[in-house]
Amino acid sequence: MDEAVPSGRSAVRWNDGNGENDGMTEAGWPRAPWRTRFAPAPTGRLHLGHAVNALFVWGLAGALGGRVLLRIEDHDRVRSRAVHEQALLDDLDWLGLAPDPDPASGAALVRQSERGALYERALAGLAGRDLVYPCDCTRRAVLARTGATAGVEGVELRYPGTCRDRAVEAGRTTTRRVRLEREAVAFRDLRLGDQLQVPAEQCGDLLARDRDGNWTYQFAVVVDDLAQGIDLVVRGEDLLASTGRQIQLGRLLGRARPAAFLHHPLIRHPDGRKLSKSAGDTGLAELRAAGWSPGRVLAEAARRAGLAPGGGELAARDLADFVGDRILGRRAP
Ligand code: GLU
């Protein structure tokens with residue numbers, strides 16, 4: 001628990017006391033049997049940031065009796081590569097982390113690129129309730145209309161709703177947006193505590209499919225988390241701002257109760273840059289080639305996440321105990 005976290009990492013706070021959801025423990029964890037997922041995009045190689053995510057995902061599942069489903073998030077058809085998928089499967093195997101089969105198909109993994117019909121059905125359901133509209137705005141037009149500056153870090157582009165009532169002909173574009181009415185979404189992150197987000201103000205109407213016909217991450221992830229019965233989403237805190245809109249969209253799609261969410265620390269280079277998938281210094285393949293053992297990689301991931309002082313080895317089979325100790329404080333779930 002907190003005492004295991006080095007000083008200066010006070011952001012690591014594990015909440016307790018949220019008993020309002022059935023299916024959840026008083027502390028807000030899902031009750032067994034439950035499911036989480038590891039959901040990498042095969043647009044590059046795995047690095048230490050993914051190892052941190054895997055440590056949390058497999059560790060929590062092991063400690064709390066959940067299953068881990070593997071979802072390849074290859075919704076971006078241009079940037080995704082089969083070779084990256086194969087490499088990430090090899091890396092997981094090398095680390096000693098095995099996913100559970102997808103309950104619906106029995107397959108070892110699911111790929112978003114093969115789930116277009118599911119997304120299509122979800123969109124059609126929303127369209128039947130007049131919640132979807134075609135949009136032919138270019139990025140440039142959105143920038144001009146909002147007076148925003150492109151590419152400023154931390155500033156999200158909010159779609160101003162230009163096409164909401166314009167009746168753009170459906171055949172003109174593959175772009176579709178989902179109406180997000182102004183609504184404050186409250187949720188409790190299992191590490192960061194209470195959150196309040198207003199998606200309509202953050203991003204405006206949600207882009208479900210873009211002008212190249214790609215399903216977006218935000219849309220596909222919500223459909224998949226619902227379809228796969230995911231009860232706990234464990235991911236880096238760079239995605240915290242996306243959670244409110246995903247809960248709101250999930251509700252529109254008929255999800256009765258949102259998943260529980262845990263956003264873990266995001267590891268960075270010492271100079272503050274995010275790790276990139278081409279970053280040779282933290283790539284799992286590079287560390288492996290340099291003679292690192294899987295246990296050393298997981299111990300380093302634990303150190304980078306502020307969970308352990310570093311050094312030594314942390315074997316995959318010990319992750320459940322490690323996470324039980326450091327995050328759950330061995331409390332009975
Ligand atoms: N595919 C996302 C990524 O690689 C993860 C998304 C999520 O966990 O919701 O960053």
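Every read-out reported here was derived from the displayed coordinates using simple, explicitly stated rules and does not represent laboratory data. Because the structure is predicted, anything quoted here is derived from the model rather than measured. Here the Cβ is made from the backbone with ideal geometry for all residues, glycine too, and neighbour counts use every protein chain on show.
Between GLU120 and ARG31, what length comes free when the chain is fully extended (0.36 nm per residue of separation minus the Cα-Cα distance, one decimal in nm)? Before the final figure, lay out each step's value.
On the way: separation 89, 0.36 × 89 = 32.04 nm, distance 3.13 nm.
Difference between extended and current length: 28.9 nm.
Let's test the formula: R0 of 22 Å, r as the Cβ-Cβ distance of ALA241 and ASP194. What FRET efficiency results, to the nearest 0.05? Walk me through the numbers on the way to the answer.
Values: r = 15 Å, r/R0 = 0.68.
Efficiency, rounded to the nearest 0.05: 0.90.
Please state the charge dipole magnitude for the range 66-216, taken about the Cα centre, from unit charges on C-beta atoms (+1 on K and R, -1 on D and E), reported in debye and rounded to the nearest 20. Present the calculation step by step, with values, prior to reporting the outcome.
Details: 24 positive and 25 negative charges, 134 e Å.
Using only the charged Cβ atoms, the result is roughly 640 debye.
Among the DSSP beta bridges whose two residues both lie in the chain, what percent are antiparallel, rounded to the nearest 5? Numbers along the way, then the final one.
Details: 15 of 29 bridges.
Given both bridge residues lie in the chain, the antiparallel proportion sits at roughly 50 percent.
Could you tell me the ratio Rg/Rh of the range 98-142? Both radii from Cα atoms, Rh via Kirkwood.
Values: Rg = 16.3 Å, Rh = 13.5 Å.
Over the Cα atoms of the range 98-142, Rg/Rh equals 1.20.
Taking the mean number of other Cβ atoms within 10 Å as a proxy for protection, how do you rank 313-320, 226-233, 34-41 from highest to lowest? Spell out each step's value before the answer.
Numbers: 313-320: 17.2, 226-233: 19.6, 34-41: 22.6.
Answer by packing, highest mean first, reads 34-41, 226-233, 313-320.
Put +1 on the Cβ of every Lys and Arg and -1 on every Asp and Glu Cβ in the range 183-331; which of ILE327, LEU239, VAL221 then has its Cα farthest towards the positive end of the dipole?
Of the options given, the answer is ILE327.
Express the C-alpha Rg of the range 153-251 as a ratio against the empirical globular expectation 2.2 N^0.38 Å, rounded to two decimals.
Working: Rg = 14.4 Å, N = 99, 2.2 N^0.38 = 12.6 Å.
Against the compact-globule rule of thumb, the ratio is 1.14.
What is the chain's relative contact order, in percent, from Cα pairs under 8 angstrom and six or more apart in sequence?
Values: 585 pairs, mean separation 83.6, N = 333.
Worked out over the chain, it gives 25 percent.
Could you give the size of the charge dipole of the chain about its Cα centre, using +1 on the Cβ of each K and R and -1 on the Cβ of each D and E, expressed in debye and rounded to the nearest 20? Spell out each step's value before the answer.
Values: 47 positive and 44 negative charges, 149 e Å.
Taking the Cα centre of the chain as origin, the dipole is about 720 debye.
Trypsin sites (Lys or Arg not before Pro) within the range 83-163: which are DSSP loop residues with at most 15 other Cβ atoms inside 10 Å? Intermediate values should be presented prior to the final figure.
Values: sites: ARG111, ARG115, ARG121, ARG129, ARG139, ARG140, ARG145, ARG158; in loops: ARG115, ARG129, ARG158.
Answer by residue number: ARG129.
Give the separation of the Cα centroids, the range 294-319 to the range 59-103, in Å.
Taking the Cα centre of each part, the range 294-319 and the range 59-103 sit 19 Å apart.
Is the shape of the range 196-333 best called rounded, prolate or oblate, per the rule: a/c under 1.5 gives rounded, else a/b larger than b/c gives prolate, else oblate, with a ≥ b ≥ c the square roots of the Cα gyration tensor eigenvalues? Mind dumping the intermediate values first?
Values: a/c = 2.29, a/b = 1.56, b/c = 1.47.
Note, shape of the range 196-333 comes out prolate.
Considering just Cα atoms, how many Å³ per residue does the convex hull of the chain enclose? Display every interim value, and only then the final one.
Details: hull volume 47.0 nm³, N = 333.
Expressed per residue, the convex hull around the Cα atoms of the chain is 141 Å³.
Please list, in chain and number order, the residues 5+ apart from ALA208 or on another chain whose amide H is under 5 Å from its amide H, with Hs placed from the backbone.
Correct list: ARG176, ARG177, VAL178.
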